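The block underneath contains the structure these notes are about, expressed in structure tokens.
What follows is calculated from the coordinates using simple rules that are stated; it is not laboratory data. What you see is a predicted model; the values in this text were computed from it and never measured. For neighbour counting, all protein chains shown are included, and Cβ atoms are generated from backbone atoms with ideal geometry for every residue, glycine included.
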Amino acid sequence: MEKPKGKLISIGGAEDKGTDLEQGFVQRNRLNFFELGILKRIVDEVGGTEKRIEVITTASSIPQEVGENYMDAFGKIGCTNIGVMDIRNREDAAKQEYIDRIKACDGVMFSGGDQLRLTSIFGGTDIYQLLQDRLLEEEGFVIAGTSAGAMAMSNTMIYQGKSDLAHLKGEVKLTTGLAFVANVIIDSHFDKRGRFNRLAQAVASNPQCTGIGLGEDTGVIITEGNHIEVVGSGAVVIVDGKDIRHSNITDVSIGEPISVENIRVNILVRGNGYLLKERKFIQNVVEGVVV
């Protein structure tokens, strides 16, 4: 598979939108938002505050509110060239207005909500193909997504699965995602919602895939479809199934608990990295450069 020239930024949800600033919080919060925040990093990766970012609120059930929140958050950073695309169905996705806006922008940001809405509305459309082509061919083009918007980026996508039942076979539902990155499965709100078993079952069913569990206000920047850099305030859990030995997942009945031997786990924080193809932990990464 050809190496993408663009970048993916997958975020675990609940990213800092600068609301603490409005409530008079301490100086440390200003530093986190303006210098270390994930949204600031998205702006840096697309090339600065004058670049065009389209926020796509398709996954959300409250698209107007979500769009306004992102307009406000990016505005705090100094961005004035932000658009919101409220695509509600496949008919909307086929409109030339939206296709032209995707052609003209420097990056997109998929909001949270329901990841199945993203795949069912965008799958096979001209907008989807355009995003794939620009990610593959254009250096500097950025596709970012948070929560559902992050989960939909992988080729194998979790679309359902309760955390308290995720140790039972069949409780984790998988389908085909938007496939902006190959051989990974991404889960969001990972620590907050106790989703380790959910991602572990998904990886046990698909050991060729690397599981990426994103904490809230935490994300990964993926370059060349392989190099990961962790950004944000929390942790990213990498679940590696390559060396799995015993697994009963094909032998037990639906609804019975699964067992897995020798699944590997790495925990990464800001400044750490990971190579997906080599399945290798990197201690120090400074804005995409291994040091």
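Rounded to the nearest 20 debye, what is the charge dipole size of segment 7-290 about its Cα centre when +1 sits on each Lys and Arg Cβ and -1 on each Asp and Glu Cβ?
For this selection, approximately 560 debye.
Give the angle, between 0 and 90 degrees and rounded to the nearest 10, that separates the Cα long axis of helix 63-77 from the longest principal axis of the Cα atoms of the chain.
70
Please list 271-284, 56-69, 212-225 highest first by mean number of surrounding beta-carbon atoms within 10 Å per residue. Could you put the intermediate results ahead of the total?
Values: 271-284: 15.4, 56-69: 18.4, 212-225: 24.4.
Ranked by mean Cβ neighbours within 10 Å, highest first: 212-225, 56-69, 271-284.
If you take every DSSP beta bridge whose two residues both sit in segment 7-290, what share of them, in percent to the nearest 5, is antiparallel? Can you show the working numbers first?
Numbers: 36 of 58 bridges.
So the antiparallel bridges in segment 7-290 amount to around 60 percent.
Provide the per-residue ³J(HN,Hα) series for segment 90-95, in order, calculated from phi with Karplus coefficients 6.51, -1.76, 1.60 and θ = phi - 60°, each as a whole number of Hz, with x at glycine and proline positions.
5, 5, 4, 5, 8, 5
Pairs to check: 103/277; 40/277; 76/192; 51/280; 3/192; 17/51. Give those whose C-alpha atoms are more than 22 Å from each other in this structure.
Working: 103/277 30 Å; 40/277 28 Å; 76/192 27 Å; 51/280 34 Å; 3/192 33 Å; 17/51 19 Å.
Beyond 22 Å: 103/277; 40/277; 76/192; 51/280; 3/192.
Given only helices, namely DSSP H runs of n ≥ 4 each adding -39500 (n - 2.57), what is the per-residue ellipticity at 222 nm of the chain, to the nearest 500 deg cm²/dmol? Display every interim value, and only then the final one.
Numbers: 10 runs with 80 residues, N = 291.
That comes out to -7500 deg cm²/dmol.
Give me the percent relative contact order of the chain, please, defined on Cα pairs under 8 angstrom at least 6 residues apart.
On the way: 706 pairs, mean separation 55.3, N = 291.
Relative contact order of the chain: 19 percent.
Please give, to one decimal in nm, the separation of the simple spin-label points placed at residue 254 and residue 137, each 7 Å out from Cα toward the Cβ.
4.3
How big is the gap, in Å, between the Cα center of segment 54-121 and the Cα center of segment 159-193?
Each part reduced to its Cα centre gives a spacing of 23 Å.
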